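The values are calculated or read from the model by the stated rules, or taken from the named source; none is laboratory data. All figures in this text were calculated on a predicted structure; none of them were measured in a lab. Because the Cβ atoms are built from the backbone with ideal geometry, glycine has one as well, and the counts that use them run over all protein chains shown.
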Amino acid sequence: GVRWGFGKLCFSCATLWSFQYSLVLLQGGWFMMGTDPGIPQDGEGPQRRVRLDPFYIEEHEVTNQQFQHFTNQTGYITEAEHFGDSFVFEGLLSEEVKSTLSHAVAAAPWWSPVKGADWRHPEGPDSTIEHRINHPVLHVSWSDAQAYCHWAKRRLPTEAEWELACRGGLQDRLCPWGNKLMPTGQHYANLWQGVFPNHNTIEDGYANTSPVMSFPANGFGLYDMVGNAWEWTADWWNVHHTTEDKYNPKGPETGTDRVKKGGSYMCHKSYCYRYRCAARSQNTPDSSASNLGFRCATDTDP
Ligand SMILES: *[C@@H]1O[C@H](CO)[C@@H](O)[C@H](O)[C@H]1NC(C)=O
Ligand SMILES: [Cu+2]
């Protein structure tokens, strides 16, 4: 279909794209945040009324090219580069890298800390982003994402802003495009098809990330709000919400983890099921992984 043609075209014309000014103005206003019950332990509920002021949000996830522009200008070193490793989904590792692995996370054996994995080497030292310059940047911590947005004179979106943006103007729908995963048999996001974690049928065309904007935009003209890469938000994590109306909520004052939204190319109904706008998860702010990126927001169009 059109999506494939688009992806292939942009594979080769990467540098012709101008990504710097891709902001969409959202009017804010009232919307219903959260869902009942969703995944209860994640604090998706209760559904509550939230009102937001207008804000701008980037139409796609920050790409490798954009992040490279930032590091070229500033010399910024990411946390994964400081630590010397980052988490990579084992299904994407070369046999050579796999043979060097020390241990995995007991609860999620498909995740491994890989030495030399960082945003320039998403699957470890023997990988590059050369042919993925328009893919979302990965292996960026919350602090790295903050640093990029600050440099771009922007900021991370709050969770509420991110969720309003994800919903694309629809009410009470699971996904940015509606309730059905594949209306009209089309793929609307870069997710996992098959059986997680060992068998990815790649029906949507991608075993890993895709170029940003490879799947249809939502009603606000925003791409990859779910799928492709998880996205950091500004808020601290907390699972206790009330049904009280909220105005420009910014999450708890303090915490240990930051909220991430949207799921990734690894999400499947049977495993993560967090490719829904109300879905949420968390990581410590210094965490980075091969499926976690971000996009920025701002109050003013510079
Ligand atoms: C960053 O610098 C490298 C090395 O000079 C260059 O090849 C690359 O095109 C630059 N990237 C951007 C986005 O400016
Ligand atoms: Cu996404």
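Is it fair to say residue 60 is within 21 Å of residue 275 (Cα to Cα) and either surrounded by fewer than 21 Cβ atoms within 10 Å (Cβ to Cβ) or not basic (Lys, Arg) (or both)? Walk me through it before giving the result.
Values: within 21 Å of residue 275 (Cα to Cα): yes; either surrounded by fewer than 21 Cβ atoms within 10 Å (Cβ to Cβ) or not basic (Lys, Arg) (or both): yes.
Spelling it out, residue 60 is indeed within 21 Å of residue 275 (Cα to Cα) and either surrounded by fewer than 21 Cβ atoms within 10 Å (Cβ to Cβ) or not basic (Lys, Arg) (or both).
So which residues in region 109-133 are in a loop (DSSP other than H, G, I, E, B) and more than 15 Å from residue 209 (Cα to Cα)?
Filtering region 109-133 for residues in a loop (DSSP other than H, G, I, E, B) gives 109-110, 116-117, 119-120, 122-133.
Across region 109-133, the qualifying residues are 109, 110, 116, 117, 124, 125, 126.
Output the residues belonging to region 29-42 that are crowded, with 17+ Cβ neighbours inside 10 Å and touching a Gly at 6+ places or on another chain (Cβ under 8 Å).
Passing the criteria: 34, 35, 38.
When you look at residue 215, is it among the hydrophobic types (A, V, I, L, M, F, W, C) and touching a strand residue (DSSP E or B) at 6+ places or on another chain (Cβ under 7 Å), yes or no? Spell out how you get there, then give the answer.
Details: among the hydrophobic types (A, V, I, L, M, F, W, C): yes; touching a strand residue (DSSP E or B) at 6+ places or on another chain (Cβ under 7 Å): no.
Spelling it out, it is not the case that residue 215 is among the hydrophobic types (A, V, I, L, M, F, W, C) and touching a strand residue (DSSP E or B) at 6+ places or on another chain (Cβ under 7 Å).
Quick one: in region 72-88, of everything that is crowded, with 19+ Cβ neighbours inside 10 Å and within 16 Å of ligand 1 (Cβ to nearest atom), which residue is nearest to residue 110 (Cα to Cα)?
81
Restricting the first residue to region 255-267 and requiring it to be touching a residue at least 12 places away in the same chain (Cβ under 8 Å) and over 17 Å from residue 215 (Cβ atoms), which pairs with a second residue that is within 8 Å of ligand 2 (Cβ to nearest atom) and assigned to a strand (DSSP E or B) meet a Cβ separation below 8 Å and a spacing of at least six or different chains?
From region 255-267, the pairs are 260/230; 260/231.
List the number of the failed condition for residue 234; all other conditions in (1) under 25 Å from residue 285 (Cβ atoms); (2) among the hydrophobic types (A, V, I, L, M, F, W, C); (3) part of a loop (DSSP other than H, G, I, E, B) hold.
(3)
Which residues, counting only those in region 219-261, are among the acidic types (Asp, Glu) and either over 18 Å from residue 26 (Cβ atoms) or surrounded by fewer than 16 Cβ atoms within 10 Å (Cβ to Cβ) (or both)? Show your work before the answer.
Looking only at region 219-261, we keep the residues that are among the acidic types (Asp, Glu), and these are 224, 231, 235, 244-245, 253, 257.
Matches in region 219-261: 244, 245, 253, 257.
Scan the helices (runs of 4 or more DSSP H) fully inside region 23-108 and keep the ones with 1 or more residues being at pLDDT below 95.
Numbers: elements: 64-74, 79-83, 95-98.
Counting at least 1 such residues, we get 95-98.
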